[in-house]
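The values are calculated or read from the model by the stated rules, or taken from the named source; none is laboratory data. Quick caveat: nothing in here was measured; it's all calculated off a predicted structure. Glycine gets a Cβ as well: all are built from the backbone with ideal geometry, and neighbour counts include every protein chain shown. Note: areas computed on protein heavy atoms with side chains; ligands, DNA, RNA excluded. Shrake-Rupley method; radii C 1.70, N 1.55, O 1.52, S 1.80 Å.
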Amino acid sequence: MVVHRLGMATSGLVVFARTNAALRGMNALFRTRKVTRKYEALVCGKIEQDAGSIDLPLMRDYENPPFMRVSTDEHQRALIGLDVDEVGKKLLESPKDSLTKFEVVSREDLGGSDVTRLLLTSITGRTHQLNVHC
């Protein structure tokens with residue numbers, strides 16, 4: 001029985017339970033956010049801070065659905081007057097708070113370009129949150 005799926009389009013992880021009791025217990029752990037999920041990312045550029053957080057609200061990308069993007073006032077204004085029957089209810093949802101914590105693992109050179117290896121912790125767990133924040 002599948003308990004949880006992380007990062008389907010990446011290297012990802014699938015958590016299975018062998019019994020119904022294990023399924024209920026693990027579902028409760030994920031639902032109450034007692035499971036900490038950490039991800040490693042290689043990003044372009046040299047991040048100067050050794051640790052920090054990214055606190056940017058996310059919204060659906062109305063130009064490239066079903067992708068997500070950081071919500072800005074400009075992007076919110078672009079949604080004014082759109083008809084829910086034409087664009088769909090999901091596209092008009094309010095932005096959602098989104099928080100990612102990061103720690104620098106290393107600063108490297110990749111083919112002459114600066115890159116930074118980060119350890120990411122998704123606090124809010126929004127759809128595509130880490131992809132957008134990085």
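Some points to look at:
- Cα-centred dipole magnitude for the chain, charges only on beta-carbon of K, R (+1) and D, E (-1), debye, nearest 20: 1000 debye
- Amide H partners (placed H, <5 Å) of residue 124, local residues excluded: 99
- Residue-by-residue Karplus 3J(HN,Hα) for region 118-132, coefficients 6.51, -1.76, 1.60, Hz, glycine and proline x: 10, 9, 10, 10, 7, 7, 9, x, 6, 4, 6, 4, 5, 4, 6
- Remark: spin-label model distance residue 21-residue 110 equals 4.6 nm, labels positioned 7 Å along the Cα→Cβ axis.
- Relative to the current alpha-carbon distance between residue 30 and residue 75, full extension at 0.36 nm per residue lengthens the span by 13.0 nm.
- Dipole axis of the chain (+1 Lys, Arg; -1 Asp, Glu on Cβ), positive-most option in 13, 127, 68: 13
- Computed [θ] at 222 nm, helices only, for the chain once each DSSP H run of length n ≥ 4 contributes -39500 (n - 2.57): -5000 deg cm²/dmol
- Under 14 Å from the Cα of residue 96 - aspartates and glutamates, other chains or at least 8 residues apart: 55, 61, 73
- ³J(HN,Hα), Karplus 6.51/-1.76/1.60, whole Hz, each residue of region 53-63, x for Gly, Pro: 9, 10, 10, 10, x, 10, 9, 5, 8, 5, 8
- What the Cα atoms of the chain give is an Rg and a Dmax of 17.9, 52 Å.
- Accessible carbon and sulfur surface of the chain relative to its total accessible area, %, 1.4 Å: 52 percent
- Highest mean packing comes first when the peptides 87-96, 125-134 are listed by Cβ atoms within 10 Å, giving 125-134, 87-96.
- 15 Å cut-off, amide nitrogen to a point 7 angstrom out along residue 53 Cα→Cβ, residues in region 93-119: 97-103
- Spin-label zone in region 31-62 - amide nitrogen under 11 Å from a point set 7 Å from the Cα of residue 91 along the C-beta vector: 61-62
- Kirkwood hydrodynamic radius of region 61-103, Cα pairs, Å: 11.7 Å
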